[in-house]
Amino acid sequence: MEKLADFVSSHISDDPVRLIMNRDRWPEIDMDMAVNSIESRRKLRDKVREWHDEPRLVFPLKLSAEQCSSSATGRYKADLASRISGKGSWAIADLTGGLGVDSWFFSQKAERVLYNEMQEVLCRAAEHNFKVLDAGNISVSNGIARQGDIEKILDGFNPDIVYMDPARRGEGGRKVFLIEDCTPDVLTLKDEIFVHTRHILLKFSPMADITMACSRLGSTCREVHVVASGGECKELLIWMDREWNDSYSITAVEIHNDGSLSEFTFSPSDEKAAAPHLPDRQMSERWLFEPGKALMKAGAFNLISERFGIGKLGASTHYYIVEDEAKADGLKGHGKIFRIIGCSPLDKRSIRSAGKDYPKAEVTARNIPMDTDTLRKKLGVSSGDDIHIFGLRSDVDGNLLLITARL
């Protein structure tokens with residue numbers, strides 16, 4: 001591994017195709033693994049900078065680098081696991097280790113970590129990488145998480161938490177989203193795992209349906225965390241507690257560039273009971289709130305209006321009017337705030353006028369009889385500047401509105 005790592009470090013800027021074509025020049029090097037490491041390191045530059053900047057690490061599979069957690073989400077999971085354990089000294093078993101990023105972040109909070117991965121090539125790389133990273137509290141196991149084998153994988157390791165990130169690709173690399181189609185199938189394993197631990201922490205695709213997932217997993221679902229960073233919803237985390245038999249809460253989390261968090265926690269019953277209110281007709285000297293990706297995925301559409309005291313434009317529009325500047329400032333962590341500079345009925349005249357006044361603007365169409373691309377073409381604008389033009393449906397008068405705002 002050391003020789004491979006040295007080669008990767010020396011050729012990090014080389015063209016991978018040329019390296020493959022000239023592989024005979026370096027017969028002692030596993031060139032496929034070297035090229036995968038080079039391409040993976042490039043993917044990790046903006047994702048897990050700590051690993052990218054350590055030249056001695058090796059990454060045998062590109063897909064693992066694509067699918068691994070980012071530094072931001074890795075740190076969040078480690079903090080969450082620490083809270084779940086409820087102990088100062090705790091242990092966690094990662095049954096789907098992959099590249100090992102999550103295990104490494106867990107190791108910075110936990111006393112002991114078991115990394116388990118069914119692919120031997122990833123296990124060998126993980127052993128090497130953990131040694132380079134001085135993560136001496138991680139032990140490595142090479143086993144398949146399937147029914148009847150959990151005790152064998154744990155091999156005397158007593159975890160306070162079992163963590164799993166099931167693979168979301170089926171045959172032929174096809175993406176899957178149903179729990180039972182992922183590998184391993186948590187539905188068939190959860191009872192066996194609960195024999196060895198009270199807590200299970202699961203990571204799912206942000207595309208997974210929260211209601212369906214929790215319904216399938218059962219009443220031990222205690223908390224759901226929808227995690228977003230960099231303007232994207234990154235992952236769905238579900239904490240299952242063997243001793244829990246109640247409804248679950250949902251926390252929408254926006255991780256900011258400085259590492260700070262904005263969180264919004266509620267229960268599905270809170271959202272169901274919430275009564276949003278409509279804004280008044282006055283739009284000037286107002287602000288437009290666009291919820292962030294975590295809030296949108298979490299589905300707290302009505303509760304946003306009720307809890308923050310802001311008007312919801314339309315039942316399916318999911319944009320909000322904020323009357324107070326201080327309140328607008330307080331919402332910035334949860335999404336985008338725009339200062340409204342113009343509002344008119346959505347018609348040919350207003351579209352022509354807005355396109356003429358603001359030739360460079362971002363465009364969004366929501367809940368109106370045209371999509372964003374169509375509205376952009378009608379406006380005749382190109383991207384740029386801090387102006388944003390919205391085509392939105394309002395339930396105030398049943399109107400379609402064209403709102404011009406500045407970010």
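The values are calculated or read from the model by the stated rules, or taken from the named source; none is laboratory data. Fair warning: this is a prediction, and the values are worked out from it, not measured in the lab. Every residue, glycine as well, gets a Cβ built from its backbone with ideal geometry; the counts of neighbours run over all protein chains shown. Ligands, DNA and RNA are stripped out before the accessible areas are found, and what is left, the full protein with its side chains, is counted by its heavy atoms. Shrake-Rupley method; radii C 1.70, N 1.55, O 1.52, S 1.80 Å.
Given H placed 1.01 Å from N in the peptide plane, which residues other than close sequence neighbours of G342 have an amide H under 5 Å from its amide H?
Under 5 Å from the amide H of G342 lie the amide H atoms of T404, each far enough along the sequence or on another chain.
Taking the Cα centre of the chain as the origin, how large is its charge dipole in debye, to the nearest 20, when only Lys and Arg (+1) and Asp and Glu (-1) carry charge on their Cβ atoms?
In total the dipole reaches around 1240 debye.
With every protein chain kept in place and ligands, DNA and RNA left out, what is the accessible area per residue of region 260-326? Probe 1.4 Å, answer in Å².
45
For region 100-150, give the percent of accessible area contributed by carbon and sulfur heavy atoms, probe 1.4 Å, rounded to a whole number.
Heavy-atom surface of region 100-150 belonging to carbon and sulfur, 1.4 Å probe: 40 percent.
Could you point to the residue in P184, T197, I150 farthest towards the positive end of region 136-282's charge dipole, with +1 and -1 charges on the Cβ of Lys/Arg and Asp/Glu respectively?
Highest projection toward the positive end goes to P184.
Compute, for region 1-109, the length of the dipole vector about the Cα centre, with Cβ point charges of +1 (Lys, Arg) and -1 (Asp, Glu) only. Units Debye, rounded to 20.
The dipole magnitude comes to about 460 debye.
Could you check the simple spin-label distance between E39 and N257, using points 7 Å along Cα→Cβ, in nm with one decimal?
3.0
Remind me, what semi-axes does region 1-160 give for its equivalent ellipsoid, largest first in whole Å, using sqrt of 5 times each Cα gyration tensor eigenvalue?
So the three semi-axes of region 1-160 are 30, 17, 12 Å.
Please say if the chain is rounded, prolate or oblate, where rounded means a/c under 1.5 for a ≥ b ≥ c the square roots of the C-alpha gyration tensor eigenvalues, and otherwise the choice is prolate for a/b larger than b/c and oblate otherwise?
Verdict is oblate for the chain.
If you roll a 1.4 angstrom probe over the protein chains with everything in place, what fraction of the accessible area of region 306-407 belongs to carbon and sulfur, to the nearest %?
About 45 percent, which is the carbon plus sulfur part of the accessible surface.
Projected onto the charge dipole of region 210-318 (+1 at Lys/Arg Cβ, -1 at Asp/Glu Cβ, origin at the Cα centre), which of L303, S316, L261 gives the Cα projection farthest towards the positive end?
S316
Going toward the positive end of the dipole of the chain, with +1 on Lys and Arg Cβ and -1 on Asp and Glu Cβ, which of M33, S64, L402 do you reach last?
Looking along the dipole axis, the top candidate is L402.
Can you compute the charge dipole magnitude of region 327-407 about its Cα centre, using +1 on each Lys and Arg Cβ and -1 on each Asp and Glu Cβ, nothing else charged? Give it in debye, rounded to the nearest 20.
140
Using the Karplus equation 6.51 cos²θ - 1.76 cosθ + 1.60 (θ = phi - 60°), what ³J(HN,Hα) coupling, rounded to whole Hz, does each residue of region 8-16 give in order, writing x for Gly and Pro?
4, 4, 6, 10, 4, 9, 6, 6, x
Please report the Cα spread of region 194-329 along all three principal axes, rounded to whole Å, starting with the longest.
Cα spread of region 194-329 along its principal axes, largest to smallest: 60, 35, 23 Å.
Express the Stokes-Einstein translational diffusion coefficient of region 331-407 in µm² s⁻¹, to the nearest whole number, given a Kirkwood radius over alpha-carbon pairs, 25 °C and a viscosity of 0.890 mPa s.
Translational D for this selection: 196 µm²/s.
Skipping prolines and chain starts, which residues have an amide H placed within reach, meaning under 5 Å, of the one on S141, given they are 5 or more residues away or on another chain?
Y115, N116, E117
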